[in-house]
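The structure appears below as structure tokens.
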Amino acid sequence: MSAGTPVYLVTGASGNLGRSTMTALARRGARLAGADRRGAPGDVGEALWLGGADFFAPAACEGMVAAVIARYGRLDGVAHTVGGFATAAAADAGPDVWEEMFRLNLLTTLNVFRAALPPLREAGAGGLVAVGAGAALRAPAAFGPYAASKAAVLRLVEAFAAEVKADGVRVNAVLPGTMDTPQNRAAMPDADPSRWVRPEEVAEAIAFLLDPAASGVTGAALSAPGRT
């Protein structure tokens, strides 16, 4: 990649982790594009905003990447924070729950990474970061579909990393534990959120993996469990 200010696309940029990732990357001086199915979360500064994003459609993901390159003339990496969660036992969850988890977590990652790869390969550098989960390493009870879909994200990251490392492209994942978000506090009122990992902490891990300083890291799953 030629010298210059790096450009990153953050998907799910209206969410808790997406917003924190935008902030962490902006603090490092990057130029940014944020994509989400929802509208912009307030002032996004000079960032390119891509609302109404459809991460289930490969062509739409390709259009997002094209819009970033049209605006900035380059793309240096993608932080894909889109995903979903459901509490469901493996033995009891219906096909609809399994399909929803794999669509939200695996299919969106696949579509975004495929769309971003051509310009990164052409440049001979860049990074892709997915969001896995601690449950992907060892599934607890009542997390079956979610844990399986996040484990599939890790295998996808490993496969992509092995396939494109010769092109200079790095592919990694972060594995957060329970994140301290308003939604999780509401869902688990008796838990101690001080032990959870903060979105800002996970965002710093993502920013590190995207940074050229992490040029020797690919195919990694960086754990961010907080203090649980």
- The ³J(HN,Hα) series, computed from each phi in region 139-155 with the Karplus coefficients 6.51, -1.76 and 1.60 at θ = phi - 60°, rounded to the nearest Hz and given as x for glycine or proline, is 6, x, 4, 6, 10, x, x, 4, 4, 5, 5, 6, 5, 5, 4, 4, 5
- Dipole of region 53-114 [Lys/Arg +1, Asp/Glu -1 at C-beta], most positive-end residue of Ala91, Val65, Met101: Val65
- Could you please state, rounded to a whole Å, how far the C-alpha centre of region 44-79 is from the C-alpha centre of region 197-215? 20
- Starting from the amide H of Ala142, placed 1.01 Å from N in the peptide plane, find each other amide H under 5 Å away whose residue is 5 or more places distant or on another chain. Ala90
- Query: Which whole-Hz ³J(HN,Hα) couplings does region 220-228 yield from phi under the Karplus relation 6.51 cos²θ - 1.76 cosθ + 1.60, θ = phi - 60°, glycine and proline marked x?
  - Reply: 9, 10, 8, 6, 9, x, x, 10, 8
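Using a 10 Å cut-off around each Cβ, can you sort Met179, Met101 from fewest to most neighbouring Cβ atoms? Before the final figure, lay out the partial values.
Numbers: Met179 22, Met101 25.
Listing Met179, Met101 from fewest to most nearby Cβ atoms yields Met179, Met101.
If we sort 23-33, 157-167 on the protection proxy, mean other Cβ atoms within 10 Å, highest first, what's the order?
Numbers: 23-33: 18.2, 157-167: 15.7.
Packing order, densest peptide first, comes out as 23-33, 157-167.
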- Message: Just to confirm my numbers, what's the Cα centroid distance between region 88-143 and region 146-189 in Å?
- Response: 7
- Given Cβ charges of +1 for Lys and Arg and -1 for Asp and Glu, the option among Gly42, Gln183, Ile206 whose Cα lies farthest towards the positive end of the dipole of the chain is Ile206
- Kindly rank 187-196, 210-219, 81-90, 168-177 from highest to lowest mean number of other beta carbons found within 10 Å of each residue. 168-177, 81-90, 210-219, 187-196
- Message: With θ taken as phi - 60° and the coefficients 6.51, -1.76 and 1.60, list the Karplus ³J(HN,Hα) couplings across region 180-195 in order, rounded to whole Hz; mark glycine and proline as x.
- Response: 7, 10, x, 5, 5, 5, 5, 6, 10, x, 8, 7, 9, x, 5, 8
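Hey, got the dipole for the chain? About the Cα centre, +1 on K and R Cβ, -1 on D and E Cβ, debye to the nearest 20?
Values: 20 positive and 21 negative charges, 69 e Å.
It comes to approximately 340 debye.
I need the Kirkwood Rh of region 7-224: take the reciprocal of the average 1/r across all distinct C-alpha pairs and report it in angstrom. Spell out each step's value before the answer.
Numbers: mean 1/r = 0.0578 Å⁻¹.
This gives a value of 17.3 Å.
Read the figures in this text as sums done on the coordinates, not as results from a lab. Worth saying up front: this structure is predicted, and the values here are computed from it rather than measured. Don't worry about glycine lacking a Cβ; one is built from the backbone with ideal geometry, like all the others, and counts go over all protein chains shown.
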